[in-house]
Amino acid sequence: MAGPPASLSARDVGSFAYLSVKDRSPQILTKAIDTLHRHKSEFFEKHGEKGLEAEKKAISLLSKLRNELQTDKPIVPLVEKFVDTDIWNQYLEYQQSLLNESDGKPRWFLSPWLFVECYMYRRIHEAIIQSPPIDDFDIFKELKDQNFFESQESVIALCTHLQELRKTIEDLDENQLKNEFLKVLQISLWGNKCDLSLSGGEHISQKTNIMNSLEDLKPFILVNDMDRLWSLLSNCKKTREEESVTQVDIVLDNSGFELITDLVLADFLLSSKLATKIHFYGKTIPWFVSDTTIHDFNWIIKQLKHSNNKWVSQCGVDWEDHIKTGRWVYLDHIFWTLPHEFSAMSQVAPDLYAALQKAHLIFFKGDLNYRKLTGDRRWEFTIPFHEALSGFHPAPLCSIRTLKAEVQVGLQPGQGEQLTASEPNWLTTGKYGVFQFDGPL
């Protein structure tokens, strides 16, 4: 049997991976350096001369990283001792073992894009933790916060919709409940457009009311397994014994507006009794510019709670209550910020795999999760999703993703080719989305 196809890589000149490594990654590093410069006086106020020295050191380490990337230097091992350093360095050795002698060492424009992109964000984190006393500084925080503030109109519309829905949810018949479920799923999908790593850290927010666009956006859903999600969860609800649990896990992507859409979905699952417990998985360190950490998660709920809009504030109060009562649980794990594809999880992080096995359904939000689910490889468009998962089946799962990388599986014959003919960049603009399910039929 043939092995899986080759990884996406910047060695394909002109590909999205190539352009990302060549242009987008240096742009993100320049913005990170810029952010440190702008916080110079804050570091001095907090830490005196030591703060200034730390800022200089972090900038110098990030400038060195940018130079290594732009000149295609070999990928070097991590040096600062951290909880995942050894796993990273072992993975680098593994990448070395995949290369021919003529290739030399793993390099930015040679190795798999998924690996080098994850490695860049891990090196950004290394530069910060090597620079105490500013070693807890989140270099991407102000961009994430700005995305939230710029999306206020949409946040208000969403929270208002949710609070009004909660008043009548008990009276909805099954069909009406299903329609509302499909609506919150689509809101969560299109919330995934707000990705700051795709824009190189440029401002990107949800300024229009997403609720009004759902009908118009339906034709852009290329794989639509929403009915299968409804069947699974409504069946869990019907067959659930008193006191038993239906657990849905949401593996988060971006903070800001997208996180709000995910929290709205999670709230709906509880109030509709389609689920009784939600586990959220976020990142342990700042990651891919806008990914959610525990600080972002708590900060957003606090912002909502203190809003002067009564419906927004009510959401903040309710969501804080979900956390206090244990109906919502936020978890993180170092595996989410490793370069491994998810098919390696049962070996590399068996504890996490075992935790995911307890879920009745897992939602994987966003593009990076999709790339890790499928191994970020040059799959044919028609390869079944189940096959591309390469043995990763902890529980029924669904990818909710807008397309921002050149990997997509599970399409109908001819569907990908037709899109390529009419829109050459359809895979990378975030215009199209999928609800792609893997689980029992």
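General observations
- Membrane-span-like helices of the chain, defined as complete DSSP H segments with a Cα extent of 27 Å or more along the helix axis and a mean Kyte hydropathy of at least -1.0, are identified as 49-70.
- Reported label for calculated Rg and Dmax of the Cα atoms in Å given (1) 45.7, 183; (2) 21.7, 68; (3) 26.4, 94: (2)
- Simple Cβ-charge dipole of segment 21-174, Lys/Arg +1 and Asp/Glu -1, about Cα centre, in debye nearest 20: 900
- Within the shell of other residues whose beta carbon sits under 9 angstrom from the beta carbon of Ser131, the net charge comes to -1, with Lys and Arg scored +1 and Asp and Glu -1.
- Other residues whose C-beta falls under 9 angstrom from the C-beta of Ser188 contribute a net charge of -1, scoring Lys and Arg +1 and Asp and Glu -1.
- The charge dipole of segment 371-410, taken about its Cα centre with unit charges on the Cβ atoms of Lys, Arg (+1), Asp and Glu (-1) only, comes to about 180 debye.
- Given charges at Cβ of Lys, Arg, Asp, Glu: the chain dipole, positive-most of Gln176, Thr160, Leu361: Thr160
- Segment 352-441 - percent of accessible surface contributed by carbon and sulfur, probe 1.4 Å: 53
- Solvent-accessible area per residue in segment 65-154 equals 44 Å², computed with a 1.4 angstrom probe and all protein chains kept.
- Of the residues Gln314, Gln408, Trp426, the one whose Cα sits farthest towards the positive end of the charge dipole of segment 305-431 is Gln314 (charges of +1 on Lys and Arg Cβ, -1 on Asp and Glu Cβ, taken about the Cα centre).
- Debye intensity ratio I(q)/I(0), log10, segment 326-372, q values 0.18, 0.21, 0.23, 0.30 Å⁻¹ (C-alpha model): -0.61, -0.84, -1.00, -1.42
- Theoretical ellipticity at 222 nm over the chain - DSSP helices of four or more residues, -39500 (n - 2.57) apiece, nearest 500: -15000 deg cm²/dmol
- Charges were assigned to the Cβ only: +1 to each Lys and Arg, -1 to each Asp and Glu. The resulting dipole of the chain about its Cα centre is roughly 360 debye.
- Whole-number accessible area per residue in Å² for segment 306-350, which is evaluated in the context of all protein chains at 1.4 Å: 45
- Most mobile listed residue (Asp291, Asp367, Asp34) in the chain, GNM with C-alpha springs under 10 Å: Asp34
- Once the chain from Asn212 to Thr85 is taken as fully extended at 0.36 nm per residue, the excess over their C-alpha distance is 41.1 nm.
- Across Glu341, Glu150, Glu417, mean-square fluctuation computed from a Gaussian network of the chain (C-alpha pairs under 10 Å connected) peaks at Glu417.
- Using the alpha carbons alone, the radius of gyration of segment 1-160 stands to its Kirkwood radius in an Rg to Rh ratio of 1.05.
- Counting only Cα atoms, segment 222-352 measures 44, 38, 34 Å along its principal axes, largest extent leading.
- A crude spin-label estimate for the pair Gln176 and Lys431, with each label 7 Å from Cα along the Cβ direction, gives 3.8 nm.
- When the Cα positions of Val289, Pro384, Ser244 are compared along the charge dipole of the chain, Val289 comes out farthest toward the positive end, with charges on each C-beta of Lys, Arg, Asp and Glu.
The values are calculated or read from the model by the stated rules, or taken from the named source; none is laboratory data. Keep in mind that what you see is a predicted model, and the values were worked out from it rather than measured. A quick note on method: Cβ atoms are made from the backbone with ideal geometry, for glycine too, and the neighbour counts reach across all protein chains shown. SASA here: full protein model, heavy atoms, side chains in, ligands and nucleic acids out. Shrake-Rupley method; radii C 1.70, N 1.55, O 1.52, S 1.80 Å.
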